[in-house]
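Have a look at the structure below, then the notes.
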Amino acid sequence: MLYRLYQPIFFVVALTLAAMASRAQEGEPIRVGVLHSLSGTMAISETTLKDTVLMLVEQQNARGGLLGRPLEAVVVDPASDWPLFAEKARELLVRERVDVVFGCWTSVSRKSVLPVFEELNGLLFYPVQYEGEESSQNVFYTGAAPNQQAIPAVDYLMNQGVQRWVLAGTDYVYPRTTNKILQAYLAQNGVAEDDILVSYTPFGHSDWQSIVAQIKRFGGAGKKTAVVSTVNGDANVPFYKELANQGISAADIPVIAFSVGEEELSGIDTAPLVGHLAAWNYFMSVEEDVNYDFIDEWLAYIGDDDRVTNDPMEAHYIGFNLWAAAVEKAGTADPSAVQEAIIGVSVPNLSGGMATMLPNHHITKPVLIGEILDDGQFQVVWETPAAVAGDAWSDYLPGSRNLMADWTDPVRCGNYSTEENRCLGAD
Amino acid sequence: MFGTVAAYPRWSWWMSLGLFLAVSLGGWTRVTAQTVETSPSIPSLRELVNRLPEAQDEEARRALLMHIAAGGDAATERVFAALERGALYVDRRSRTVVEGSRKGSRYLLTDVLTGEALGEAGRRDVRRIPVDNRLRAELRTVQALGALEARDPTVRQAAISTLLGSSDPEVHKAFERRRGVEPEAALRSSLDVALAIFALGGHDPKAFSAALNTLEGRSEENVRTALRQFSARSDVLESQQVRAQRLLERAENRLRWLARLEALFFGLSLGSVLLLSAVGLAITFGVMGVINMAHGELIMLGAYTTWALQQLLPTQPGIALLLAIPTAFFVAGGVGLALERGVIRFLYGRPLETLLATFGISLILQQLVRSLFSPLNRSVSSPEWLAGAWEIVPGLALTYNRLAILGFSLLVFAALLSLMKYTRFGLQVRAVAQNRAMARALGVRSQRVDALTFALGSGVAGIAGVALTQLTNVGPNLGQAYIIDSFLVVVFGGVGNLWGTLVAAFSLGIANKALEPMVGAVLAKILLLIALILFLQRRPQGLFPRRGRQEEQG
């Protein structure tokens, strides 16, 4: 009786709600969160990425938005402070109700926001190369996994006849994991333990005298030597300066770096660096029309002809377009639907190929090796013949060899053990 | 050096290229561009250069370069130098090869043969002709082969050093030829060493013992490699092998000693950086007792002053650097003066509040620089006279920039010490520090002395910033890297004692560099900190305690 009386009221309420929802579909903007540090030590790298996302949003709006709805960017500043990243992520997802977040730099910041995104089922596009060994349902890794940067770089050097290796890195998770993978990979390729020198330095290390002297002695054993550098950020400039001052040129002992890009080179005297190498998935100097278009748009947007483009910017470019294509495909910006729709989507990258989102939430990328030129640009000296699929779990680490990530049915797991045939989940 | 087997007979390329450069650089004959261009059968240099973009793979490129070199054109050197720099581009509009330099998003083009300006081009109009390390190394070898015949003996010496590691028979021949005509005794002995290395790798048993004699007492890298390879050979006399082994051991022993000396120098150098960054603090914190957390940012301001001066004098980085020393002193000193008058003087005797206030100021200064200039690092270039190293003996080379900073830090220290000791101002500073009331009673204007002392300490921090531009990044975070170390040095040395600061800086530097090779950079720093904490537990007043205001109050 009571139920029958209430039924029409239910009906009316449901109708109004539906009407409100469809109105939202038409006019209400899709909200895009930007979680990059604008102050503090990481501002040097992250400010550019914030501007990149803003530019992409503006361009998408000029094309008529998505699903007929405009995009609206919401920018917050986590101030290079790891716990603040988690707070700001929560703010974006709960208070600002954003549909997607582009952000973070460094694995520490990503690990800090990860539980927030998983709890609130948000979407995060992470644009920087990282050490792998992770795959979350809520995170899309558009930067390089170790098999898309470190391993091809070592392959290139081996081809150049390098027999002795210095693995120099800053002391934190990315270099340590990458070097562990590289050590296993080198050992597998017949490099003796004596021919590998591992050296870690604190963040912002500026006194490289002893380490460079050590590298010089290590390289003086009559075998071709190279340095694989995971040295991070500010410590690079004094490192290269010391190499040059102690008379080590790129022809004697080349240094291949994974974190030195155009943006980092724009602030320094490049003379001591000429001829040293970097491995990335994109360089500003890539000679493709799609890249030139992107550069022109970027320079026009930022209004400064001296600015550069770099690899993490390309990662955001790819990530943004993948997300936009997935939203169109799903017909909604709802995170769960986009998560399903995005897998298998392909969009052009800036080096003339295509980037595809894989079931493990990594993408396909070509690997380019570039040499530093005196104008702060890189010249591509080698590239992989085809795009490399990102591997979340390294094949060269004992604990992760038998793991795989697949976010499609029937696996639906970030760390599925092919040995035990089960999803390990949180343990 | 050569990983691949050349499709082209390699030695013929070497021979012709080497001979050509030897000839043209030696100035014996010069075939002019005109004579080549008039001959119809041989393509001109310009035609050859324009073929560069067609040579896609390494072998084709090498063959073409050989062809270019063999043509004997005077402008070849220009082409090679531009190629080595990666400055050769194809102009896609005219399909010609030009020299280009990037200016913003435009390229300035010049004719690669004549240097004549050809106007501008956009990014899409040009394509860079690739050059990699292997090609660069080959070009360098070829150029060195030519430089063996140069008039200037230092150029010849450099050429010998460049070619020393080579196992190329062409280089061997060039060395032999040069040995016959070389007038300088020093160069002759270098050539003897080079030839002895070749002899050890050769198959003439009679040459071995003479070669070993020549290499006695040598410890260069290439010599050791040659000895090592020789002693591992199976086709030589055992007695000679034993001899080579002994020479190698002696060389390595000598190197171990040199490495120890080098580590000592590294320690002194690190100490000098610590001294420079801490000596200003030794005045503001040590003498005045102000915990100035913005000290690092004053260093940063000095570094930015250097950058600004280099922007004003873009062609004279060395002069700008020298001018920056007084300028940075006054800039940082001025900011220090403003700080003291504006903030710190209200907080004397309240160390906690001073600490918080100056910490806030340091954040403000950092963000100010970030907003005013950019969060990106600024590029400060090193003048040529600070680049490179002074090789005292093979195996022991001291870098010029470190040597200069070591000397500079001692100079600053001496100046500061004599200022405090021999001037009226220094006397007043010491008087106020020891007993403010008594000093005031004797007519010292203590507030003025406070302000000037703080400005002096800040100015010295600015000078430290100038020196640091030669070692590290100039960016908003520069100061943070040095503030902790500066406090450590001052506290360890004994607050208020300049000599203590000197001793503390150098002993921390040397201890750090002695530990580093053994335990790594990270652990060395941790161990040192632990040792320091234990030391300060035993002796809270540091190495050289001072009788002064702090102690009376404490």
Notebook entry, point to check: Which residue pairs have Cβ atoms closer than 6 Å, lie 6 or more positions apart in sequence or on different chains, and pair a first residue in the stretch B:164-189 that is in contact (Cβ under 8 Å) with a residue 40 or more places away in the chain with a second residue that is small (Gly, Ala, Ser)?
Noted result: B:Leu164/B:Ala194; B:Glu170/B:Gly18
Check: From A:Phe320, A:Phe294, A:Phe258, which residue is modelled with pLDDT of 95 or more, within 18 Å of the chain's Cα centre (by Cα), more than 10 Å from every other protein chain (Cβ to nearest Cβ) and buried (at least 21 other Cβ atoms within 10 Å of the Cβ)?
Finding: A:Phe320
Item checked: Wholly enclosed helices (runs of 4 or more DSSP H) of the stretch B:400-473 bearing at least 1 residues touching a residue at least 24 places away in the same chain (Cβ under 8 Å), in the same structural domain as B:Thr354 (by TED's automatic domain parsing) and of a type in the set (Ser, Thr, Tyr) -> B:400-422, B:446-468
Check: Based on what the data block shows, is A:Ala235 at the interface with chain B (Cβ under 8 Å from one of its Cβ atoms) and either crowded, with 22+ Cβ neighbours inside 10 Å or part of a helix (DSSP H, G or I) (or both)?
Finding: no
Check: When you look at B:Val503, is it open to solvent by 30 Å² or more (accessible area, probe 1.4 Å), more than 9 Å from every other protein chain (Cβ to nearest Cβ), over 30 Å from B:Val369 (Cα atoms) and in contact (Cβ under 8 Å) with a residue 12 or more places away in the chain, yes or no?
Finding: yes
Item checked: Only listed residue being surrounded by 24 or more Cβ atoms within 10 Å (Cβ to Cβ), within 24 Å of B:Thr399 (Cα to Cα) and assigned by TED's automatic domain parsing to the domain that holds B:Ser379, chosen from B:Ala332, B:Ala328, B:Ala282, B:Ala324 -> B:Ala324
Notebook entry, point to check: Can you tell me which residues in the stretch A:190-232 are more than 13 Å from chain B (Cβ to nearest Cβ) and surrounded by fewer than 21 Cβ atoms within 10 Å (Cβ to Cβ)?
Noted result: A:Gly190, A:Val191, A:Ala192, A:Glu193, A:Asp194, A:Asp195, A:Ile196
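Table: residues versus (1) closer than 22 Å to A:Thr170 by Cα; (2) at pLDDT below 95; (3) surrounded by 15 or more Cβ atoms within 10 Å (Cβ to Cβ).
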residue	(1), (2), (3)
A:Asp77	no, yes, yes
A:Pro83	yes, yes, no
A:Lys88	no, no, yes
A:Glu91	no, no, yes
A:Val98	no, no, yes
A:Phe102	no, no, yes
A:Trp105	yes, yes, yes
A:Lys111	yes, yes, yes
A:Val116	no, no, yes
Item checked: Odd one out for B:Ser371 among (1) open to solvent by less than 40 Å² (accessible area, probe 1.4 Å); (2) more than 26 Å from A:Asn245 (Cβ to Cβ); (3) within 11 Å of another protein chain (Cβ to nearest Cβ); (4) of a type in the set (Gly, Ala, Ser) -> (1)
Note to self: I'd like to know if the stretch B:417-436 contains one or more residues that are within 14 Å of another protein chain (Cβ to nearest Cβ) and open to solvent by 60 Å² or more (accessible area, probe 1.4 Å).
What the structure shows: no
Next item on the list: Within the stretch A:297-316, track down each residue that is crowded, with 18+ Cβ neighbours inside 10 Å and either within 14 Å of chain B (Cβ to nearest Cβ) or over 21 Å from A:Asn138 (Cβ atoms) (or both).
Entry: A:Trp298, A:Leu299, A:Arg307, A:Val308, A:Thr309, A:Asn310, A:Asp311, A:Met313, A:Glu314
Next item on the list: Could you tell me whether the stretch B:365-377 includes any residue that is in a strand (DSSP E or B), in contact with a strand residue (DSSP E or B) (Cβ under 7 Å, 6 or more places away or on another chain), modelled with pLDDT under 90 and assigned by TED's automatic domain parsing to the domain that holds B:Val279?
Entry: no
Check: Taking the stated definitions as given, is B:Ser269 in a helix (DSSP H, G or I) and closer than 30 Å to B:Gly479 by Cα?
Finding: yes
Notebook entry, point to check: Regarding B:Glu340, is this residue open to solvent by 60 Å² or more (accessible area, probe 1.4 Å) and either of a type in the set (S, T, N, Q) or in the same structural domain as B:Gly459 (by TED's automatic domain parsing) (or both)?
Noted result: no
Notebook entry, point to check: So B:Val155 fits all but one of (1) over 30 Å from A:Asn159 (Cα atoms); (2) open to solvent by less than 30 Å² (accessible area, probe 1.4 Å); (3) among the aliphatic types (A, V, I, L, M); what number is the exception?
Noted result: (2)
Next item on the list: Could you grab me the full set of residues in the stretch A:325-343 that are under 19 Å from the mean Cα position of the chain (by Cα) and open to solvent by 10 Å² or more (accessible area, probe 1.4 Å)?
Entry: A:Gln339, A:Ile343
Item checked: Meets criteria (within 14 Å of chain A (Cβ to nearest Cβ) and under 27 Å from B:Leu45 (Cβ atoms)) for B:Leu113 -> no
Item checked: Odd one out for A:Ile372 among (1) within 30 Å of A:Ala251 (Cβ to Cβ); (2) open to solvent by 30 Å² or more (accessible area, probe 1.4 Å) -> (2)
Next item on the list: Taking A:Ala221 as meeting all but one of (1) at pLDDT 85 or above; (2) in contact with a strand residue (DSSP E or B) (Cβ under 8 Å, 6 or more places away or on another chain); (3) small (Gly, Ala, Ser); (4) closer than 22 Å to B:Ala397 by Cβ, write down the number of the exception.
Entry: (1)
Next item on the list: Name every residue in the stretch B:308-321 that is open to solvent by less than 60 Å² (accessible area, probe 1.4 Å) and of a type in the set (S, T, N, Q), in order of residue number.
Entry: B:Gln310
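The values are calculated or read from the model by the stated rules, or taken from the named source; none is laboratory data. Fair warning: this is a prediction, and the values are worked out from it, not measured in the lab. Methodologically, a virtual Cβ is constructed for each residue, glycine included, from the backbone with ideal geometry; neighbour enumeration extends over all protein chains shown. Note: accessible area is taken over every heavy atom of the protein model, side chains too, but ligands, DNA and RNA are not part of it. Shrake-Rupley method; radii C 1.70, N 1.55, O 1.52, S 1.80 Å.
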